[in-house]
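Participant: Questions regarding the structure given below will be posed in turn.
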Amino acid sequence: MSDASDASDASNGKAPVRASVAAAWRFFFAHWAEFAPAAAVVALAAGLGDLFQAMAPAGGRIISLALSTVAGAVFFAAVLRRAVRNEATGPFGLSFGADEVRLIGVSLSLLVMIAPIVLLVALVLFVTVLGRVAGTPQELQALLADPDRFSRVVAERLGPTGEAAFSLFVFLVCAIVIWLLVRLVVINAASIGERRIVIFQTWSWTHGNFLRVLAAIVLTRLPAVIVSYFLSALLVTITGGASPASPVEVFLVGGFSGFVGAMSEIPALALAAHLYRGLRPTDFVPK
């Protein structure tokens, strides 16, 4: 936001949708090349993570999660330092210091916040749904491997009323998660801007702006999602749709997906930085 628009937005408490989306994409086109090295770090972590999972599924998932968390923090910090503070730290903007640790802390805080919701969904899913559609673990595994058959069996076993109730439950859970994420959309940018972890202190900033912020997020992410989809389709075309056979192929396919995913996050991070600057109260003091 320009200084004038920042002041205007702070005074009327509204998030301008079109201006916010335009600012996010202007930032992307002005700086995308700057963040390619940081995206390459994400690609490396994604490729190695997929490789570890292919070699040892159980332990590999833990290693993959750790790699993606650290690499994601490095990438997010590089983008947000430029978007919020107009700074670049370390070679190619890459570093691992206080900013990255703060972003890892934010991620862990969100995980703790959303974990009860995920556990609730899992409990309902296993108790009320999977227990009715599969008598044995082998039968359940076979159903999960065939999504179309799984959907048909769920519809048959639960009946119209049960299926409708379960669909409503899933819808409500998704709505709650979306509501939380929209209300807390600026927490990463704010943690970089304030140089300390701020989560619920930013809660009131989006009050009365839910639909505006949600619209800005959707409009910002939609082009990136479309481009990512076509690039993924191109990868499928090149590889013939077959699962990677060799470790090198696993690494390259995972790395490509990680790089595309990282670059597609830049507009969303720029949007969060834009909203942070515009919605931050002038008298805000982090605690």
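Participant: Hey, what do the phi angles of segment 221-235 turn into as Karplus ³J(HN,Hα) couplings, whole Hz, using 6.51/-1.76/1.60 and θ = phi - 60°, x for Gly and Pro?
Facilitator: Going residue by residue, I get 7, 4, x, 5, 5, 5, 5, 4, 4, 5, 5, 5, 5, 5, 4 Hz, with x marking Gly and Pro.
Participant: For segment 89-123 and segment 255-274, compute the distance between their C-alpha centroids and round to whole Å.
Facilitator: So the two Cα centres are separated by 16 Å.
Participant: Also, I was wondering about something else. If the elastic network links every pair of Cα atoms under 10 Å, which of Leu271, Leu67, Leu172 fluctuates the most in the Gaussian network model of the chain?
Facilitator: Leu172
Participant: Given R₀ = 51 Å, what would the calculated FRET efficiency be for Phe92 paired with Gln201, taking r from the Cβ atoms and rounding to 0.05?
Facilitator: With a Förster radius of 51 Å, E is 0.95.
Participant: Report ³J(HN,Hα) in whole Hz for each residue of segment 71-77, in order, from the Karplus equation J = 6.51 cos²θ - 1.76 cosθ + 1.60 where θ = phi - 60°; Gly and Pro get x.
Facilitator: In residue order, the calculated couplings are 5, x, 5, 4, 5, 4, 5 Hz.
Participant: Go through segment 147-161 residue by residue and turn each phi into a ³J(HN,Hα) via Karplus (6.51, -1.76, 1.60, θ = phi - 60°); whole Hz please, and just put x for glycine and proline.
Facilitator: x, 5, 5, 4, 4, 5, 5, 4, 4, 5, 6, 7, x, x, 5
Participant: For a quick check, take a GNM of the chain with Cα springs below 10 Å and name the residue from Thr89, Thr237, Thr206 with the largest mean-square fluctuation.
Facilitator: Residue with maximal mean-square fluctuation among Thr89, Thr237, Thr206: Thr237.
Participant: Now, a different point. Put a dot 7 Å past each Cα toward the Cβ at Ala215 and Val170; how far apart are the dots in nm?
Facilitator: So the label points at Val170 and Ala215 sit 2.9 nm apart.
Participant: Something else about it: Which of these, Gly162, Gly97, Gly47, has the largest mean-square fluctuation under a Gaussian network model of the chain (Cα springs below 10 Å)?
Facilitator: Checking each option, the largest mean-square fluctuation is seen for Gly162.
Participant: Mind computing the radius of gyration and Dmax over the alpha-carbon atoms of segment 163-215? Å is fine for both.
Facilitator: Taking only Cα atoms of segment 163-215, I get Rg and Dmax of 14.1, 47 Å.
Participant: Further, regarding this structure: Express the Stokes-Einstein translational diffusion coefficient of the chain in µm² s⁻¹, to the nearest whole number, given a Kirkwood radius over alpha-carbon pairs, 20 °C and a viscosity of 1.002 mPa s.
Facilitator: It comes out at roughly 101 µm²/s.
Participant: Rounded if a/c is under 1.5, else prolate if a/b beats b/c, else oblate: with a ≥ b ≥ c from the C-alpha gyration tensor eigenvalues square-rooted, which is segment 145-242?
Facilitator: Note, shape of segment 145-242 comes out oblate.
Each reported figure results from applying straightforward, stated rules to the coordinates on display, with no laboratory input. Because the structure is predicted, anything quoted here is derived from the model rather than measured. Here the Cβ is made from the backbone with ideal geometry for all residues, glycine too, and neighbour counts use every protein chain on show.
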